[in-house]
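Undergrad: Structure below; questions to follow.
The values are calculated or read from the model by the stated rules, or taken from the named source; none is laboratory data. For clarity, every value in this text was computed on a predicted model and none was experimentally measured. Glycine also receives a Cβ, built like all others from the backbone with ideal geometry; neighbour counts cover every protein chain displayed.
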């Protein structure tokens, strides 16, 4: 009989987890409210700056503090989800935690806002790693790109639609406070809906090799240990993706986009906020395009297809960012066009990189992998860029900051991802063989 490591893995029909799209809608709603709370502070920062008497650097401090605390609490929530349940952690950390958003709306000075906003971010750090892990358990490999695209795209689209509405809060006394109160209350209500309607499918539920095994058998490998967590750093493709995340200068667009247009090109907050709609619509279309593109690219060339799509997104973003931030236009409409294109190329990323991380890690390590990828590495990158942009923006101007972060660094990022062409397919094959071995062990423990 041939050795298991040499035995080819025969693909089967994709596993259809019952009610997966309904469950996905609840998860998407949770990510939506979390995203709205964060973007509210970014888009209304000109009002906060005026109300509390702070400088542009304060926005960098707020964003950095939120990301840094998430780097610590994100892994904690992943551990708590394994210790108790993913559903209970999401209900508490990303639902009922909205009470801190309500409290932040009552801040009387920047110190109070910083403390309460940081506490709020400490809970919201649970959303991305746990929800993304759950998507991997709800959807099989051939549809994960589309599923991730739908979630991130819908979140971006709804955020874009209400973005200009948030901007209109600039015309209301203490409008930023009303925004925090409203989103905080809605988040609490959504947490209750998640508690009432969400059903966790269990780890590995969508894996072809494990789906027909009982949940106890699938969960036998689920316990997270330090040894397992550290083994993630032995996955070559994951390490490359982590470094790439540190080079993702496009993270600044969502944080500083509105204040960039206000400070550099003199638009009012209300008018500058209009770009959030085309940016979000573009992001939505980009996630859908990315999901379809990565699924097709994987079928055509499993080794090179997904990597090529990811690289193309980085190069295209740099091109659109150059023309969309380095030239002044009299009309906000032209900025809307370029922000839409930047949103589209940025939106491709989660539809590609999230399924890639799922494909190169076994089910029980995906939560830890996304905690590392999003809660720690992305948080470090976002914090560093936000702090640098805040203080350098005061010193040399946001246009120069955007040139280096959104254009030059993204070109470097796209070139760096070439390394994935050598490792990605091998790492995917390794995971598939491991799952195949688990199935054989479960069906015949004496083998």
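Undergrad: Could you grab the pairs with beta carbons closer than 6 Å, sequence gap of 6+ or different chains, first residue in the stretch 229-257 and more than 20 Å from residue 351 (Cα to Cα), second one outside any helix (DSSP H, G or I) and at pLDDT 90 or above?
TA: 235/360
Undergrad: Also: For the condition surrounded by fewer than 23 Cβ atoms within 10 Å (Cβ to Cβ), in a helix (DSSP H, G or I) and out of contact with any strand residue (DSSP E or B) (no Cβ under 7 Å at 6 or more places or on another chain), what is the one hit in 88, 142?
TA: Working: 142 fails: in a helix (DSSP H, G or I).
Only one candidate passes the filter, namely 88.
Undergrad: Can I ask one more? Picking from 160, 122, which residue would you name as being at pLDDT below 80, over 13 Å from the mean Cα position of the chain (by Cα) and over 30 Å from residue 15 (Cα atoms)? Explain how you work it out, then say what you get.
TA: Details: 122 fails: at pLDDT below 80.
Result of the check over 160, 122: 160.
Undergrad: Residue 300 fails exactly one of the following numbered conditions: (1) within 18 Å of residue 45 (Cβ to Cβ); (2) out of contact with any helix residue (DSSP H, G or I) (no Cβ under 9 Å at 6 or more places or on another chain). What is the number of that condition?
TA: The single condition residue 300 does not satisfy is (1).
Undergrad: Quick test for you: out of 118, 132, 111, pick the one residue that is part of a helix (DSSP H, G or I), without any contact (Cβ under 8 Å) to a residue 12 or more places away in the chain and either out of contact with any strand residue (DSSP E or B) (no Cβ under 9 Å at 6 or more places or on another chain) or farther than 15 Å from residue 28 by Cα (or both).
TA: Details: 118 fails: without any contact (Cβ under 8 Å) to a residue 12 or more places away in the chain; 132 fails: without any contact (Cβ under 8 Å) to a residue 12 or more places away in the chain.
Only one candidate qualifies: 111.
Undergrad: Moving on. Across the stretch 315-325, what is the number of residues that are at pLDDT 95 or above and either surrounded by fewer than 20 Cβ atoms within 10 Å (Cβ to Cβ) or more than 15 Å from residue 282 (Cα to Cα) (or both)?
TA: 6
Undergrad: I'm told residue 352 meets every condition in (1) in a helix (DSSP H, G or I); (2) out of contact with any helix residue (DSSP H, G or I) (no Cβ under 7 Å at 6 or more places or on another chain); (3) over 19 Å from residue 254 (Cα atoms) except one. Can you identify the failing condition by its number?
TA: Result: residue 352 passes all but (2).
Matching residues to (1) surrounded by fewer than 24 Cβ atoms within 10 Å (Cβ to Cβ); (2) in contact with a helix residue (DSSP H, G or I) (Cβ under 8 Å, 6 or more places away or on another chain); (3) within 24 Å of residue 328 (Cβ to Cβ):
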{"site": "262", "(1), (2), (3)": "yes, yes, yes"}
{"site": "273", "(1), (2), (3)": "no, yes, yes"}
{"site": "284", "(1), (2), (3)": "no, yes, no"}
{"site": "287", "(1), (2), (3)": "no, yes, no"}
{"site": "307", "(1), (2), (3)": "no, yes, no"}
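Undergrad: Quick one: which of 64, 103, 81 is more than 22 Å from residue 389 (Cβ to Cβ), buried (at least 22 other Cβ atoms within 10 Å of the Cβ) and either touching a helix residue (DSSP H, G or I) at 6+ places or on another chain (Cβ under 6 Å) or at pLDDT 80 or above (or both)? Working first, answer last.
TA: Details: 64 fails: more than 22 Å from residue 389 (Cβ to Cβ); 103 fails: buried (at least 22 other Cβ atoms within 10 Å of the Cβ).
Residue meeting the stated conditions: 81.
Undergrad: Which ones in the stretch 11-51 are over 23 Å from residue 187 (Cβ atoms) and either modelled with pLDDT under 70 or part of a helix (DSSP H, G or I) (or both)? Write out each step before concluding.
TA: If we filter the stretch 11-51 for residues that are over 23 Å from residue 187 (Cβ atoms), which is where we start, we get 11-20, 46, 49-50.
If the condition is that a residue be over 23 Å from residue 187 (Cβ atoms) and either modelled with pLDDT under 70 or part of a helix (DSSP H, G or I) (or both), then 11, 12, 13, 14, 20, 46, 49, 50 are the ones that fit.
Undergrad: If you don't mind, another one. Take residue 155 and tell me if it is at pLDDT below 85, under 30 Å from residue 267 (Cα atoms) and surrounded by fewer than 20 Cβ atoms within 10 Å (Cβ to Cβ). Lay out the reasoning, then the answer.
TA: Working: at pLDDT below 85: yes; under 30 Å from residue 267 (Cα atoms): yes; surrounded by fewer than 20 Cβ atoms within 10 Å (Cβ to Cβ): no.
No: the conditions fail for residue 155.
Undergrad: For the stretch 166-256, give me every one of the helices (runs of 4 or more DSSP H) that falls completely inside it and has 3 or more residues that are closer than 30 Å to residue 269 by Cα, modelled with pLDDT of 70 or more and over 23 Å from the mean Cα position of the chain (by Cα). Spell out the reasoning first.
TA: Values: elements: 175-197, 215-219, 226-231, 236-246.
Output list reads 175-197.
Undergrad: So, one more: Within the set of pairs 6+ apart or on separate chains, which have a first residue in the stretch 5-24 that is farther than 18 Å from residue 150 by Cα, a second that is at pLDDT 75 or above and assigned to a helix (DSSP H, G or I), and C-beta atoms under 6 Å apart?
TA: So the pair list comes out as 9/432; 9/436.
Undergrad: In addition: Could we say that residue 317 is under 28 Å from residue 276 (Cβ atoms), assigned to a helix (DSSP H, G or I), in contact with a helix residue (DSSP H, G or I) (Cβ under 7 Å, 6 or more places away or on another chain) and free of Cβ contacts under 8 Å to residues at least 24 places away in the same chain here? Reasoning before the result, please.
TA: Details: under 28 Å from residue 276 (Cβ atoms): yes; assigned to a helix (DSSP H, G or I): yes; in contact with a helix residue (DSSP H, G or I) (Cβ under 7 Å, 6 or more places away or on another chain): yes; free of Cβ contacts under 8 Å to residues at least 24 places away in the same chain: no.
It is false that residue 317 is under 28 Å from residue 276 (Cβ atoms), assigned to a helix (DSSP H, G or I), in contact with a helix residue (DSSP H, G or I) (Cβ under 7 Å, 6 or more places away or on another chain) and free of Cβ contacts under 8 Å to residues at least 24 places away in the same chain.
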